Amino acid sequence: MRQTRLFKRWWFGAAVLALWSVPALALERQDFDFETTRNLYNICMVPAGEAPAMTTGVVCRGFIAATMQYHDAVSAHEALERLVCYPPTATLADAQAAFLDWAGDHASERTLMDEAPVKGVVRALAARYPCR
């Protein structure tokens, strides 16, 4: 639990420092708390032409990559079933696109968008890359 709080504080601090001189955006401070799938979606949706896009893009991809690395590590044990079965050719950009598509399609579904972002990422990737 303590590590989770420290991790959140570290990400928040890094994001705030990176965005220090950026004009006001549609992002809210609480988006960097990563409490909900909507928070992550807001971070991932910053347009490429906006000043913080490089930072938010890294934060978005980092969160998605960490989620999938954890999924892969946990599901590597024989007793645990995989939730996502992506092909070996899938890239991090593919995973980000899958999340953005899924979250965009479910943006009005409060129950899903208010879940922890790790659940939203796994739901998005499981929809794109189901295990059969």
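Nothing in this text is a laboratory measurement; each read-out follows from the coordinates by a stated rule. What you see is a predicted model; the values in this text were computed from it and never measured. When we count neighbours, we look across all protein chains shown, and the Cβ atoms used for this are built from the backbone with ideal geometry, even at glycine.
Couplings for the range 65-77, taken from phi via the Karplus curve 6.51 cos²θ - 1.76 cosθ + 1.60 with θ = phi - 60°, read 4, 5, 4, 6, 4, 5, 4, 5, 5, 5, 7, 6, 6 Hz in order; Gly and Pro are left as x. Taking label points 7 Å from Cα along the Cα-to-Cβ direction, residue 97 and residue 35 give a separation of 3.3 nm. Under 5 Å between amide hydrogens, built in the peptide plane, is the criterion, and for residue 46 it picks out nothing among residues at least 5 positions away or on other chains.
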